[in-house]
Amino acid sequence: MKIKGTVSIVTGGTLGIGRATVEQLLELGGKVVIADIKCGDGMIEELNRKYGGGDKVAVYTKCNVTVHDDLVSTISKAIEEFERFDVLVNNAGIGGSQSFWDAQDTSDSDLVIATNLTSVLNLTRLAVQHWNSDPELTGVVVNLASILAFEPMPGGIPYNAAKAGVVNFTSTCAYLHPKIRVNAVAPGFVNTDIFQCSALALAEIKRRRELNDVLEPIDIAKQIIKCIEDDSMYGETVSVHPNIPPFVRKLHKAVYP
Ligand SMILES: NC(=O)c1ccc[n+]([C@@H]2O[C@H](COP(=O)([O-])OP(=O)(O)OC[C@H]3O[C@@H](n4cnc5c(N)ncnc54)[C@H](O)[C@@H]3O)[C@@H](O)[C@H]2O)c1
């Protein structure tokens, strides 16, 4: 699917990898709905000036991906504003702030699973229902997984499990092809604010920066664009690491029984 003329929803599109993806989509002639819990001051005006020459190419919708009504209104917003919806980038995510084994209740791990996994299933389902409502419509989904789905570290137990769930969900969705293609990108460590969540995470990113073992958001955004544009890709998870070319993780793709 060529990006030009398409409409994408990017969850968590205000910062980090999501923001870089938004800019790549706009650069390539797409339109974007940024679905995030927050929006930078003047951010939408700046994007419309830079990429639309004043025309509306980007809109913001306040969306907490853990709230189902927000997911429903995000899809409606894309159709109201741009009369179509072609691409979903399930990018919003958080790291946990507590040590899993020390926690006295489930609130932190519940929130990590709800944000990083449950929302991906729920918003993808709404998108698929939209595309399936008309035989002429097609759609593409890209999910953000993580290297930690394959190479878990003890720091983020619910996070690792959520990202492994995202990879599994992506493989399961393979059978929706060719009408709907679902892929995932599994980044290594990327220089973003997500590491503000805990002292352990901050220490890890600092250590990796010193080893030159971090990626920039644009590296991931480019792979997300490839997953959207390459019609031969479906049910794949692509790992992106510093200093080596991206590679597809071999997993069984679900087929229709
Ligand atoms: N940074 C990394 O090293 C790394 C590595 C692998 C995977 N990832 C994944 O990439 C994705 C983006 O991460 P990032 O590093 O750009 O993070 P980030 O913290 O820089 O940005 C996350 C964005 O998501 C938004 N967000 C958070 N909770 C939300 C919610 N409930 N509803 C809607 N929006 C919400 C934030 O406001 C923010 O704009 C996440 O899914 C993350 O797990 C990141």
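Can you go through N160, N191, N243 and tell me which one is more than 28 Å from F85 (Cβ to Cβ), surrounded by fewer than 18 Cβ atoms within 10 Å (Cβ to Cβ) and in contact with a Pro (Cβ under 9 Å, 6 or more places away or on another chain)?
Numbers: N160 fails: surrounded by fewer than 18 Cβ atoms within 10 Å (Cβ to Cβ); N243 fails: in contact with a Pro (Cβ under 9 Å, 6 or more places away or on another chain).
After applying the criteria, what remains is N191.
Exactly one residue among I9, I34, I17, I75 is touching a Pro at 6+ places or on another chain (Cβ under 7 Å) and closer than 30 Å to P178 by Cα, and that residue is I17. Checking each residue in region 90-109 for being closer than 23 Å to G16 by Cα and out of contact with any Gly (no Cβ under 7 Å at 6 or more places or on another chain) picks out N90, I94, S97, Q98.
None of L211, L215 is buried (at least 20 other Cβ atoms within 10 Å of the Cβ), without any contact (Cβ under 8 Å) to a residue 40 or more places away in the chain and more than 20 Å from V140 (Cα to Cα) except L215. Given the condition of a type outside the set (V, I, T), at pLDDT below 95, within 16 Å of the ligand (Cβ to nearest atom) and more than 17 Å from K163 (Cα to Cα), answer yes or no: does some residue in region 223-245 qualify? Checked region 223-245: at least one residue is of a type outside the set (V, I, T), at pLDDT below 95, within 16 Å of the ligand (Cβ to nearest atom) and more than 17 Å from K163 (Cα to Cα).
Taking the criterion of being in contact with a strand residue (DSSP E or B) (Cβ under 8 Å, 6 or more places away or on another chain), outside any helix (DSSP H, G or I) and closer than 30 Å to E83 by Cβ, would at least one residue in region 170-180 satisfy it? The answer is yes; a qualifying residue exists.
Of all residues in region 166-176, those being more than 12 Å from the ligand (Cβ to nearest atom) and either of a type in the set (A, V, I, L, M, F, W, C) or more than 10 Å from G235 (Cα to Cα) (or both) number 4.
The residue of region 132-154 that is surrounded by the fewest Cβ atoms within 10 Å (Cβ to Cβ), among those that are within 14 Å of the ligand (Cβ to nearest atom) and part of a strand (DSSP E or B), is L144.
Please go through region 65-87 and give me each residue that is buried (at least 16 other Cβ atoms within 10 Å of the Cβ) and either under 14 Å from G12 (Cα atoms) or touching a Phe, Trp or Tyr at 6+ places or on another chain (Cβ under 7 Å) (or both), ordered by number. If the condition is that a residue be buried (at least 16 other Cβ atoms within 10 Å of the Cβ) and either under 14 Å from G12 (Cα atoms) or touching a Phe, Trp or Tyr at 6+ places or on another chain (Cβ under 7 Å) (or both), then V65, T66, D70, L71, T74, I75, A78 are the ones that fit. On the stretch given as region 115-138, residues that are in contact (Cβ under 8 Å) with a residue 12 or more places away in the chain, small (G, A, S) and over 12 Å from V166 (Cα atoms) total 1.
Selection over region 48-69 of residues that are without any contact (Cβ under 8 Å) to a residue 24 or more places away in the chain and either closer than 13 Å to A35 by Cβ or among the acidic types (D, E) (or both) gives a count of 3. For region 194-203, filtered to residues that are surrounded by fewer than 18 Cβ atoms within 10 Å (Cβ to Cβ) and in a helix (DSSP H, G or I), the residue that is farthest from the ligand (Cβ to nearest atom) is A199.
The values are calculated or read from the model by the stated rules, or taken from the named source; none is laboratory data. The shown structure was predicted, so the numbers you read here are calculated from the model rather than taken from an experiment. Every residue, glycine as well, gets a Cβ built from its backbone with ideal geometry; the counts of neighbours run over all protein chains shown.
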